[in-house]
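Since the structure comes first, as structure tokens, the remarks are kept for the end.
The values are calculated or read from the model by the stated rules, or taken from the named source; none is laboratory data. Source: prediction; values computed, not measured. Note that each Cβ is placed from the backbone with ideal geometry, even for glycine, and that neighbours are counted across all protein chains shown.
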Amino acid sequence: MAEVSRFLVPNAFELLCEQYARRLPARLEDLQGPAHGMVDLPLHVVWSGRRSYDLTGP
């Protein structure tokens with residue numbers, strides 16, 4: 001008969017939620033960064049091909 005582990009193993013969703021929760025600010029007011037001008041996002045953030053965004057436009 002197979003032995004059942006005594007340790008609970010979190011699933012991938014729980015692990016990712018925990019990792020992202022530590023990286024994100026608790027409130028929108030805690031975000032920092034430019035409010036106008038051009039912003040070039042790093043490649044690990046952009047997957048659509050467009051990297052530059054103008055924050056002054058709508």
Practice item. Please identify the pairs in which a residue from segment 22-42 that is surrounded by 10 or more Cβ atoms within 10 Å (Cβ to Cβ) has its Cβ atom under 7 Å from the Cβ atom of a residue that is modelled with pLDDT of 90 or more and acidic (Asp, Glu), counting only partners at least 6 apart or on another chain. Key: 38/54
Check your understanding: What about residue 46, is it at pLDDT 85 or above, in a loop (DSSP other than H, G, I, E, B) and surrounded by 10 or more Cβ atoms within 10 Å (Cβ to Cβ)?
Key -> yes
